[in-house]
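J.: What follows is a structure written as C-alpha cells; I'll ask about it next.
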Amino acid sequence: MLCLHTSPLELPGTGDAGGMNVYVAQTARRLAQRSIEVEIFTRATSSRQPPSVQPWPGVTVRHVVAGPFEGLAKDDLPGQLCSFAAGVLRAGARREPGAYSLVHSHYWLSGQVGYLVKDRWGVPLVHSAHTLARVKNLALATGDRPEPAGRVIGEDQVLAEADRLVANTGVEADQLRELYGADPSRVDVVPPGVDTDLFTPGSRAAARAASGLPADEVLLVFAGRLQPLKAPDLLIRVLPVLLRRYPGTRFRVVVAGGTSGSGHRTDRDLRALAGSLGVVDLVELRPPMPPEQLVQLYRAADAVVVPSHNESFGLVALEAQAAGTPVVAAAVGGLPVAVADGVSGVLVRDHDLGRWADAIAGVVLDPARRAALAAGAVRHAARFSWEATVDGLLETYRRAVQPPPGQVGDRPGRDGDVRAARDHGRPDAVGGDGAGRTGAPVGSGRVAR
C-alpha cells in the first residue's frame, strides 16, 4: 500500500490524519490475518522514525525519506513525488523478483507514484481516492481554497492508469464516472467498516465521568480535523440559536480535533468565534484523542454532529453510532450511507443554522426519539465491518490480477503488464483457497502493497 502524505500510525484528527489512516490500518491488519503480507510505504516525517516498523503481525510500515522531515504541508508534497518513488523502487529492488502481487494507492499523491511502480514491476494498480478535487471544489466552505489545477490533472492521470478503482459508496462511484469519466466496469464499491469490538454502547453517565464532563447538560460533540471542509464552526454558530429557542436548557459543545487543511481553523479561531457569539463558557476544545478515549466521548454525547461540506464516507458518524449515539449530519457525499436518516440519526440538507437547530433539538430534547435513534444507530453500524471491507477489497484485487475477458489489452500498455503478472503466477497471491475465502497461500511470501 502507498500512503504517501500521512501514516496509518498517526493519530486521526492530527495534521492530515483522518478516516483514511484508520482505513489503511484496519484493512492492512485484516489482510495480514488472512495470510497476505502487507507493506505500507509512507513519507518519513521525523529523523527518529526507523526505516521500517512492524506494528502488527504481517504488516510492515516503511518510512521513506522524501524531502525535509518537517515543515512540508500537503500542498508541498507534489515536489517530492520523484524522491518518494525512488525510495519505493529501491526497496522493491531489494526483494526477490515477483515478490509483489499488486499496488494499492491511497489518495492521488500516492496514485502518482503507484502508476510508476506498477509499470516498473508489471503488477496491477488498485486506487482509492478517499477525496476528489472536483467534488471538493463543488462544495467549498467559506474561507476554504479551491483544490489546485495540478491536483485535478494528477487525479485524471491516476484514474486513467489504475486497473481498478475502489469507491466508498455508490455516490462516489457516480462521481468518478460523471466528473472524471471513469469506466464503470473498473469501479468497485467497497464501503469502509467500523471496529465494533472497540466502539460499543456504554453508560452515558460513566462516560461523562471518565471524560470529565458535567452529568446534567445536553452535550453536543464534534470530532475531526479543524478545517473549513469539516465545518466545526457550524456547531459553535448554532449554539446561540439553540439557547434562544430553548432558554431553559443547558447546552455544552465539545470539539475534539487538530488543525488541518487549506484555510484551516485553529482552536484559537474557534475560541474567538465562541467569544464573539457569547458562548465561550459553553464550548470546550480538546485535542485529538486515541480511539479508547474517543469512544468515551461518543458515549457521553447526546448527539454527535457531523456538519461537513463533503465527506467521501464519514467514519466518525459510523463510530459514534456503533457507540450508541445518534448522529446529526449533513446530507452530503457518503454520509447518507453512513447515517440512516430517521433510523440512526438525522440528515440536514444544507447549512442553514435554523434547520440545524431544529434537527439537533429534535434528537436531544425528545428522550423517546433519542432512545429509538440510539438503538437504530447500533443496528445500523452493525451492518458495516472491516471484515466485510476486506472481503470486498480481496474481490477487487482478484479482478485486478485476473481481469474479466475483454478487459485485457483494451488500453495502451496494459496487455503486457497483465500478461507479465500472469506469467509470474501473481494471481495466486489473491486467489481463492477453494473454501470460499480469499487470500494468499500461507507462506507464499507474496506481498499486497
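Where a number appears in this text, it was derived from the coordinates with a stated rule and is not lab data. These numbers come from a predicted model, not from an experiment. Counting neighbours? That spans all protein chains shown, and the Cβs are built from the backbone with ideal geometry, glycine included.
J.: How far, in nm, would the chain grow between Ser203 and Ala368 when pulled straight, counting 0.36 nm per residue and subtracting the alpha carbon separation? Walk me through the numbers on the way to the answer.
T.: Working: separation 165, 0.36 × 165 = 59.40 nm, distance 1.70 nm.
So the extension gain works out to 57.7 nm.
J.: To the nearest Å, what is the center-to-center distance of the range 117-151 and the range 307-376, using C-alpha atoms only?
T.: When both Cα centres are located, 27 Å separates them.
J.: Which order results if Cys3, Cys82 are arranged by neighbouring Cβ count within 10 Å, fewest first?
T.: Values: Cys3 26, Cys82 13.
In increasing order of surrounding Cβ atoms, one gets Cys82, Cys3.
J.: Using only Cα atoms, find the angle between the long axis of helix 386-401 and the longest principal axis of the chain, and express it within 0 to 90 degrees, rounded to the nearest 10.
T.: 30
J.: Of the trypsin sites (Lys or Arg not before Pro) in the range 35-83, which ones lie in a loop per DSSP and count no more than 16 other C-beta atoms within 10 Å?
T.: Arg48
J.: Excluding residues fewer than 8 places away in the same chain, name every one of the aspartates and glutamates whose C-alpha is closer than 12 Å to that of Lys118.
T.: Glu161, Asp163, Asp417
J.: For a label point 7 Å from the Cα of Arg120 along Cα→C-beta, name the residues of the range 26-48 whose backbone N is under 17 Å from it.
T.: Within reach of a label on Arg120: 39-44.
J.: Could you state the principal axis extents of the C-alpha atoms in the range 225-339, from the largest down, to the nearest angstrom?
T.: Extents along the principal axes, in whole Å: 35, 34, 28.
J.: Fewest to most neighbouring Cβ within 10 Å: what's the order for Val327, Val126, Val255? Write down the numbers at each step before the final one.
T.: Details: Val327 31, Val126 27, Val255 24.
Going from sparsest to densest Cβ surroundings: Val255, Val126, Val327.
J.: Please label the shape of the chain as rounded, prolate or oblate, based on the square roots a ≥ b ≥ c of the eigenvalues of the alpha-carbon gyration tensor (a/c under 1.5 means rounded; beyond that, a/b larger than b/c means prolate, else oblate). The partial results should precede the final answer.
T.: Details: a/c = 1.96, a/b = 1.78, b/c = 1.10.
It is prolate, given that a/c is not under 1.5 and a/b is the larger ratio.
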